[in-house]
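Here's the structure, in structure tokens; my notes come after.
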Amino acid sequence: MKGCFFVFNKSKKRMSIDRIRDSQEIFRCPLCSKPMNLIHLQSLICMNQHCFDIAKQGYINLSSRSIKSKYDRQTFETRRIISESGLFHPLQAAVSEVILSQNMSKDSIRLLDAGCGEGSHLNSIQSTINQRKRNAIFAVGIDISKEGISLAAAEYSNAMWCVADIANIPLANEQFNFIINILSPANYSEFQRLLTDHGLVIKVVPEQHYLKEIRDSLYKGTGKQVYSNTPTIRYFNERFNLIAVEDIQYQVSLSEHLISPLLGMTPLSWGASQESREQILRMDLRQITMDFKILVGMKPHHRISGLY
Ligand SMILES: [Zn+2]
């Protein structure tokens, strides 16, 4: 059994190395921005000798600085449980649909998930597109959290996984025709740089009724439960040509064992008292509301001379 396990691991890493070797031109050094090459089937190196090793799980850490993520491994494992329960399926299906309907080209879909966490959104979207489309899909997931990327690489072998700083993405210009950014911070300058000419950004933000049942209970009477996406949308609209907005709201029935992970996953519960957490656990919550806005923006290419 031990031997089998070893062979399994080895082939998984080898698959990742082959994928990196076949697409090494997409990388650029996070320290000096020069192109990178794969050497000895184990590291990416630039002409200035900045060298980054491929981890045994098959991902590559190209973060230019060490950032202490506020999310630990347990947070990502919790998110994985939530995601595998299907809570996000309708959202993931809607994002896949946007990509399928907007992809006019017969060429391969080149998709980047910026802020992919433990990778389940990208994996689900990639699988849906694969089932529906004959176009090859080339998918890359990046996240600043090594814990998240390590979990993604261990579970999903169809995409390329990379630890990276979203403010300094170690990927070459104009490599992607789609960038997804799901419930995660964005860096629009970097997104513009990475998109091809008619490329699209698909950003998902939580809407007012997202996890309403939990929010109502935690913040009843404090006024904190009301929030607005207007500034986020306005800012998105300033950086991209907003071509579509889709609201997606649904309710999911909740098995009892998911309530605690859900509380652990949501930033809403940070700062909530132990008492209110326990109150929610006692509430016998049977369903939960999911409420999102999907913003679809095109890279602006009609530049007005003098302004740029
Ligand atoms: Zn370099």
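Here the chain is assigned +1 on the Cβ of each Lys and Arg and -1 on the Cβ of each Asp and Glu. Its dipole about the Cα centre then comes out at about 640 debye. For a modelled paramagnetic label at Asp247, 7 Å from Cα along Cα-to-Cβ, the residues of the range 96-121 in reach, with backbone nitrogen under 20 Å, are 98. Rounded, prolate or oblate: which fits the chain when a ≥ b ≥ c are the square roots of the eigenvalues of the alpha-carbon gyration tensor, with rounded for a/c under 1.5 and prolate only if a/b beats b/c? Oblate shape, in that a/c is at least 1.5 and b/c is the bigger or equal ratio.
Can you tell me the accessible area per residue over the chain, all protein chains present, probe 1.4 angstrom, in square angstrom? Before the final figure, lay out each step's value.
Numbers: 15620 Å² over 308 residues.
Heavy-atom accessible area per residue stands at 51 Å².
Among 190-202, 248-260, the peptide with the highest mean count of other Cβ atoms within 10 Å heads the list, and the full ranking is 190-202, 248-260.
Could you check how much of the accessible area of the range 58-298 is carbon and sulfur, as a whole percent, using a 1.4 Å probe? Roughly 46 percent of what the probe reaches on the range 58-298 is carbon or sulfur. For Leu285, neighbours were defined as the other residues whose beta-carbon sits under 14 Å from its Cβ, and their charges (Lys and Arg +1, Asp and Glu -1) total 0.
Packing, taken as the mean count of other beta carbons within 10 Å per residue, orders the peptides 78-84, 115-121, 177-183 from highest to lowest as 115-121, 177-183, 78-84.
If the segment from Ile17 to Ser127 were pulled out straight at 0.36 nm per residue, it would be longer than the present Cα-Cα gap by 37.5 nm.
Quickly estimate the mean residue ellipticity at 222 nm for the chain, helices only: each DSSP H run with n ≥ 4 gives -39500 (n - 2.57), and the total goes over all residues, rounded to 500. Let's see the in-between values first.
Working: 10 runs with 111 residues, N = 308.
The per-residue figure over the chain is -11000 deg cm²/dmol.
Does the range 138-241 come out rounded, prolate or oblate by the C-alpha gyration tensor, with a ≥ b ≥ c the root eigenvalues, rounded set by a/c under 1.5 and, if not, prolate when a/b is larger than b/c and oblate if not? Cα axes put the range 138-241 in the oblate bin. Please give me the summed charge of the neighbours of Ile233: other residues whose Cβ is under 13 Å from its Cβ, Lys and Arg +1, Asp and Glu -1. So the surrounding residues net to 0.
Packing order of peptides 54-62, 36-44, highest average first: 54-62, 36-44 (average count of other Cβ atoms within 10 Å over each peptide's residues).
With the cut-off at 1.5 for a/c, could you classify the range 32-139 from its C-alpha gyration tensor as rounded, prolate or oblate? Since a/c reaches 1.5 but b/c is at least a/b, the shape of the range 32-139 is classed as oblate. Legend: distances between Cα atoms for Lys56/Lys146; Lys13/Lys146; Lys12/Lys106; pairs beyond 22 Å are Lys12/Lys106.
The values are calculated or read from the model by the stated rules, or taken from the named source; none is laboratory data. The structure presented is a predicted model; accordingly, all values stated were derived computationally and were not measured. So basically every Cβ, Gly included, is an ideal-geometry build from the backbone, and we count neighbours across all protein chains shown. Please note that ligands, DNA and RNA were not included when accessible areas were found on the heavy atoms of the full protein model with its side chains. Shrake-Rupley method; radii C 1.70, N 1.55, O 1.52, S 1.80 Å.
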